[in-house]
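The values are calculated or read from the model by the stated rules, or taken from the named source; none is laboratory data. As the structure is a prediction and not an experimental result, all values here were calculated from the model. Cβ coordinates were reconstructed from backbone atoms using ideal geometry, including for glycine residues, and neighbour counts include every protein chain displayed.
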Amino acid sequence: MAEQARIEDLHLVHVTKSFGTFTAVDDLSLTVPGGGFFALLGPSGCGKTTTLRMVAGLETPSEGQILLGDRDITTRRPYERSINTVFQSYALFPHLDIFENVAFGLRRQGVKGAEVEQRVNAVLELVELTALARRKPAQLSGGQQQRVAVARALVNRPDVLLLDEPLGALDLKLRRQMQIELKRIQSEVGTTFIHVTHDQEEAMTMADTIAVMNAGLIEQMGAPAEMYDLPRTAFVANFLGQSNLVHGQITGRDGADLLVRVPGGEVRLPANRAADDSGGLIIGVRPEKMRIAYKDEQNVNRVRGEVLDVSFTGVATQYTVETPWDPDRPVTVFELNDEGAPEVKAGDNVELVWEYGFTFGLDGDDDLDAGNELAAEAAEVAEAADAEDE
Amino acid sequence: MVAVLPSGGAKFEQARVGRRKSTPYLLLIPGLAWLTVFFLVPLFSLAQTSLMNARQPGNPDAGFLPGFNVANYSSAMQAYLEQYARSFEYAAMATVLALIIAYPLAYFIAFRSGRFKNFLLVLVVAPFFASFLIRTYAWRTILADDGFVTQFINNLGLLPDHRIIATPIAVVAGLTYNFLPFMTLPLYSSLEKIDVRLIEAAGDLYAKPFTGFRKVTVPLSLPGVVAGTLLTFIPAAGDYINAQLLGGPTDRMIGNVIDSQFIQIRDYPTAAAMSFVLLVTILVVVTVYVRRAGTEELL
């Protein structure tokens, strides 16, 4: 099934969508690489579903253009574009059996009997549902319905497959399984997948490219590991994983490194990891990059503090440490429980260290809390969805 | 103590389970009692009446004796076959017309009416605030020979008899009007339940709007179509008010026959036999229809 021809990129050019006075998507420009697994990640209400619906043709942009390769598809009706959607609620037709659900798009395109049969069977095999072809959707489990929804879209061999929070209704275990499954299907068929989700872990597991969206705008786009390593805004730093952030002032330069004064000390970071080379800068470091110093170490940033809380999670231990950076914003440290970390308990004074190269520098005007509350909310929503399924 | 407690607990559990099992049956009692007194007993009495012998043949005023006179059925059918057939003909026409009028109406209310939805639903049932009889009388005025409706349509040359009142058109129009809410409401409720995502999904899967309507909306609204047609057809087939008030002497339906046999001629066995034939015919028609529609699983 894999197409050898070059798969076209999808371009959104200065796309804006307003509903009355509310702007859901604000002057968005984006290129989705053809043949990849692309995730549009953001908290609920950030405009990601509206963006997806515009690509599907279910909404028309107020301004801007949507291009598939070099064809303008902005005003094409949904049935006129070779783009199919896996809906959040699956939207399987309850009056048709699984076979007919999957065959629906083919029949509408005028594909004839024997070919319909052959293509539907092939795609049912791909999602491992051949045995259930004559069942009705209501007789299937959530995970099976989800796979039917994927099959029903894929059978049309669309240029782009859109997935709108497709795993939201599944419980945690099934969700993990389907993540791997979807990834396998994508690499087998080679179609461009655009996956909308609020679950940053899901986006990082599945996607080749992630675009983090906030308030109708793209905050940052890139490969998951790159973005995690070097977030460019406080929102991304907080929403994609967790970060310890502190305001600082750039005081000078030492070779390729910048020197930044922060409350209670000085931090050094490579200049190419900083958003600016003078003035204010937000210093950030991931909790697992930090460790509690128990021997003399060179070439590391340091900060002293008092341990407020120790929580053991099995694989790792999480320390909450109050530092001079900001007494109201304690630093979080994840230590893997692998090398007999020092016996530390609440109330101890410790020194935290991390390598220069793990530090990142964000625009000094960013809000330290951007994305933070939202990350908590998204986690809550995901948990509530899990609880519902039990 | 220790030995006694568990067994006591088990007994208690048993009693509770027993009560839980009997609850549904207890809840059925009022309904069953009602049906027995006001449906089964009269039905039995009706069956008995339909088989009575006349004390003096040809003179109903002389009274009847209990018996087993099956011939009542054949003579009634012979005498009134015409009205019997006409009832189902008119009821079928009214049902089809009501479906044609009610489907777009229900569709509009369900999908396009926005904040006026509840208001429109109230309008649909508003006729019920006036009596069925009064409304049918009103139609006499509307369709009167010198009324503007008749004049207007007649001027278009569409009326062979140059009138509407006292013709089959008036009876079918009255039946359609009177049972329209019974068609509209079930249609509305089944259309309203359709997830709009399904219609979006049809469009996403290359169905043009009308194809999507045909392949998704219509099949999913079938339970409403079945319920609506039954709720219209059954009462329309047995109705006599519309034929009496709007129809002429040649438009009489089975209901009018039963009415006059019971109330005026007092030939109770014939009236009862006709009632039974009507009842059984409707039962058969409905059963075949529901089977054919294949909507048992959707209902």
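Here are the numbers for this structure:
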{"item": "Selection status of B:Arg291, at positive phi and of a type in the set (D, E, K, R)", "result": "no"}
{"item": "Residue that is nearest to the chain's Cα centre (by Cα), among those in segment B:139-149 that are assigned to a helix (DSSP H, G or I) and closer than 15 Å to B:Val171 by Cβ", "result": "B:Trp139"}
{"item": "Residue match in segment A:324-346 (condition: hydroxyl-bearing (Ser, Thr, Tyr), assigned to a loop (DSSP other than H, G, I, E, B) and assigned by TED's automatic domain parsing to the domain that holds A:Leu258)", "result": "no"}
{"item": "Close pairs (7 angstrom Cβ cut-off, 6 or more residues apart or separate chains): over 14 Å from A:Leu140 (Cβ atoms) in segment A:166-178, surrounded by fewer than 16 Cβ atoms within 10 Å (Cβ to Cβ) anywhere", "result": "A:Asp171/A:Asp386; A:Asp171/A:Asp389; A:Asp171/A:Glu390; A:Leu172/A:Asp386"}
{"item": "Meets criteria (under 29 Å from B:Ser190 (Cα atoms), touching an Asp or Glu at 6+ places or on another chain (Cβ under 6 Å) and free of Cβ contacts under 8 Å to residues at least 40 places away in the same chain) for A:Arg108", "result": "no"}
{"item": "Meets criteria (charged (D, E, K, R) and modelled with pLDDT of 95 or more) for A:Arg286", "result": "yes"}
{"item": "Enumerated strands (runs of 3 or more DSSP E) restricted to segment A:188-262, each holding at least 3 residues that are touching a strand residue (DSSP E or B) at 6+ places or on another chain (Cβ under 6 Å) and outside the structural domain of A:Arg286 (by TED's automatic domain parsing)", "result": "A:192-197, A:209-214, A:217-222"}
{"item": "Which listed residue is surrounded by 14 or more Cβ atoms within 10 Å (Cβ to Cβ), β-branched (Val, Ile, Thr), within 14 Å of chain B (Cβ to nearest Cβ) and closer than 15 Å to A:Leu92 by Cα, from A:Val116, A:Val148", "result": "A:Val148"}
{"item": "Any hit, segment B:75-86, residues being surrounded by 12 or more Cβ atoms within 10 Å (Cβ to Cβ) and not in a helix (DSSP H, G or I)", "result": "no"}
{"item": "Criterion (farther than 30 Å from B:Thr250 by Cα, of a type in the set (S, T, N, Q) and touching a helix residue (DSSP H, G or I) at 6+ places or on another chain (Cβ under 9 Å)) met by exactly one of B:Thr184, B:Thr167", "result": "B:Thr184"}
{"item": "Yes/no for B:Phe210 being more than 14 Å from chain A (Cβ to nearest Cβ), under 16 Å from B:Tyr103 (Cβ atoms) and assigned to a helix (DSSP H, G or I)", "result": "no"}
{"item": "From the options A:Leu106, A:Leu92, residue that is farther than 25 Å from B:Ala293 by Cα, in contact with a helix residue (DSSP H, G or I) (Cβ under 7 Å, 6 or more places away or on another chain) and not in a strand (DSSP E or B)", "result": "A:Leu106"}
{"item": "Conditions (1) within 14 Å of chain B (Cβ to nearest Cβ); (2) among the hydrophobic types (A, V, I, L, M, F, W, C); (3) in contact with a helix residue (DSSP H, G or I) (Cβ under 9 Å, 6 or more places away or on another chain); (4) assigned to a helix (DSSP H, G or I): number failed by A:Met54", "result": "(3)"}
{"item": "Matching residues in segment A:64-89 - criterion: being at pLDDT 90 or above, part of a loop (DSSP other than H, G, I, E, B) and hydroxyl-bearing (Ser, Thr, Tyr)", "result": "A:Thr74, A:Thr75, A:Ser82"}
{"item": "Residue satisfying condition, being surrounded by fewer than 24 Cβ atoms within 10 Å (Cβ to Cβ), under 20 Å from the mean Cα position of the chain (by Cα) and either away from chain B (no Cβ under 11 Å) or farther than 26 Å from A:Glu59 by Cβ (or both), within set A:Leu172, A:Leu124, A:Leu132", "result": "A:Leu172"}
{"item": "Tally, over segment A:57-101, of residues that are in contact with a Pro (Cβ under 8 Å, 6 or more places away or on another chain) and away from every other protein chain (no Cβ under 14 Å)", "result": "2"}
{"item": "Enumeration of residues in segment A:293-310 that are over 22 Å from A:Gly248 (Cβ atoms) and assigned to a strand (DSSP E or B)", "result": "A:Val307, A:Leu308, A:Asp309, A:Val310"}
{"item": "Condition check for A:Asp365: surrounded by fewer than 18 Cβ atoms within 10 Å (Cβ to Cβ), at pLDDT below 90 and closer than 29 Å to A:Asn272 by Cα", "result": "yes"}
{"item": "Residues of segment B:186-207 satisfying the condition of being assigned to a helix (DSSP H, G or I) and either of a type in the set (Lys, Arg) or away from chain A (no Cβ under 11 Å) (or both)", "result": "B:Pro186, B:Leu187, B:Tyr188, B:Ser189, B:Ser190, B:Leu191, B:Glu192, B:Arg197"}
{"item": "Residue match in segment B:172-180 (condition: over 30 Å from A:Leu92 (Cα atoms), away from chain A (no Cβ under 11 Å), more than 17 Å from the chain's Cα centre (by Cα) and surrounded by 24 or more Cβ atoms within 10 Å (Cβ to Cβ))", "result": "no"}
{"item": "Residue match in segment B:158-166 (condition: within 27 Å of the chain's Cα centre (by Cα) and assigned to a helix (DSSP H, G or I))", "result": "no"}
{"item": "Lone unmet requirement of (1) without any contact (Cβ under 8 Å) to a residue 12 or more places away in the chain; (2) of a type in the set (D, E, K, R); (3) in contact with a Leu (Cβ under 8 Å, 6 or more places away or on another chain) for A:Arg232", "result": "(1)"}
{"item": "Check on A:Leu154, hydrophobic (A, V, I, L, M, F, W, C), buried (at least 21 other Cβ atoms within 10 Å of the Cβ) and in contact (Cβ under 8 Å) with a residue 40 or more places away in the chain", "result": "yes"}
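Rundown of residues vs (1) over 15 Å from A:Val25 (Cα atoms); (2) in contact with a strand residue (DSSP E or B) (Cβ under 8 Å, 6 or more places away or on another chain); (3) surrounded by 20 or more Cβ atoms within 10 Å (Cβ to Cβ), yes/no style:
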{"residue": "A:Gly47", "(1), (2), (3)": "no, yes, yes"}
{"residue": "A:Thr50", "(1), (2), (3)": "no, yes, yes"}
{"residue": "A:Pro61", "(1), (2), (3)": "no, yes, yes"}
{"residue": "A:Ile66", "(1), (2), (3)": "no, yes, yes"}
{"residue": "A:Ile83", "(1), (2), (3)": "yes, yes, yes"}
{"residue": "A:Asp97", "(1), (2), (3)": "yes, no, no"}
{"residue": "A:Asn101", "(1), (2), (3)": "yes, no, yes"}
{"residue": "A:Gly105", "(1), (2), (3)": "yes, yes, yes"}
